[in-house]
Every structure is written in structure tokens, then in C-alpha cells.
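Taking it in order: structure first as C-alpha cells, then the write-up.
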Amino acid sequence: MQQPRFDYGDEVRVIRTLRNDGTFPGMNTGAKLIQRGSVGFVRDVGRFLQDQIVYAVHFLEDNRVVGCREEELQPISEPWVPSRFETREKVSARLPLGRNGQVLVEPGEIGEIVKVIRDAPDGIVYHVDFQDRNRLQVPESALEEFRS
């Protein structure tokens, strides 16, 4: 069984905006709970479905305790690199994207961020799933906000 990465009292930063999944009382489902980059302290450590570690984190600035999965947190000691986009966000290609000289995605095509990589040598890159295609690693400069 996986051991928790964080312990009671640890100061942590949330690396993606947290929204109400319907389990936070008094707020609509989908409402923003905590903005990415916010700092809080671990108040409790528990498990969900016996295999997922969940941390109750108290975000003092918002005076809110929110359940966070381990992949949503980083230690405060790690550098924070803000990104334009975050996991699960829809984006569009700003320019043609390809591999080995072959264009796989045309400008304007819509994709979804699967992972944010903040420590890439040339800056932030994303793993992006484009419909009916393989996942591509795309630099931030090649993407723009999706406007519906």
C-alpha cells in the first residue's frame, strides 16, 4: 500500500484549480473552491476506496478545508511555476503541430490538457489529447485558450 507523501501540518501548494465535485456543502457543483497556486496546511490524511490518498488541506486565505488528491499537491519547498493552462482544460492549437515532419493537428483544432510539465528544460509543456489522435507533448507557446 502506498504511503502518504505529506503528513499532518505540512505546508503544501495546490497545482490546479479545485472545483466542487458535488461533495463540498453549500456550493454548486463545478464552483471554484481553491485557485491553483494557493497554499494550505495538511489537517488530515485519509484514503478513498482503499487505494487513493486524500488530504484534508486547510487553505487559510480562503478559510476553507478541501479534500485534495496527492497529484494535486506539491510541497511548499518545491518551486512554483505558474502555467497558462491546467489539467482537463480545453485548448486549441495556435499553429500546426506535428511529429517527424508530418502535421498531425491543424491550427484551431481542440485538445484537452492531460498533464502539465513545469520542469521541462525549455519551459512549460503539456501532454495534450487531440480528438482521434495520439497524445502530443506541446509547448505552451503553441496553444491558446479554447473559446466556445
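Values for this structure:
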{"item": "Filtered residue count, the range 73-97, keeping only those that are surrounded by fewer than 12 Cβ atoms within 10 Å (Cβ to Cβ) and not hydroxyl-bearing (S, T, Y)", "result": "4"}
{"item": "Within the range 55-89, considering residues that are in a strand (DSSP E or B) and free of Cβ contacts under 8 Å to residues at least 24 places away in the same chain, the one nearest to the chain's Cα centre (by Cα)", "result": "R69"}
{"item": "Among (1) in a loop (DSSP other than H, G, I, E, B); (2) in contact with a Pro (Cβ under 9 Å, 6 or more places away or on another chain) - the single one S92 does not satisfy", "result": "(1)"}
{"item": "Test for D122: is it within 30 Å of G30 (Cβ to Cβ) and assigned to a loop (DSSP other than H, G, I, E, B)", "result": "no"}
{"item": "Where a residue in the range 136-148 is polar (S, T, N, Q) and its partner, wherever it lies, is surrounded by 13 or more Cβ atoms within 10 Å (Cβ to Cβ), with Cβ under 6 Å and at least six apart", "result": "Q137/V125; Q137/H127"}
{"item": "Total residues in the range 21-52, condition part of a strand (DSSP E or B) and within 23 Å of P79 (Cβ to Cβ)", "result": "5"}
{"item": "Test: I124 is aliphatic (A, V, I, L, M), surrounded by 14 or more Cβ atoms within 10 Å (Cβ to Cβ) and more than 13 Å from V91 (Cα to Cα)", "result": "yes"}
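Values in this text are rule-based calculations from the coordinates and carry no lab data. All values derive from a computational prediction rather than experimental measurement. Glycine also receives a Cβ, built like all others from the backbone with ideal geometry; neighbour counts cover every protein chain displayed.
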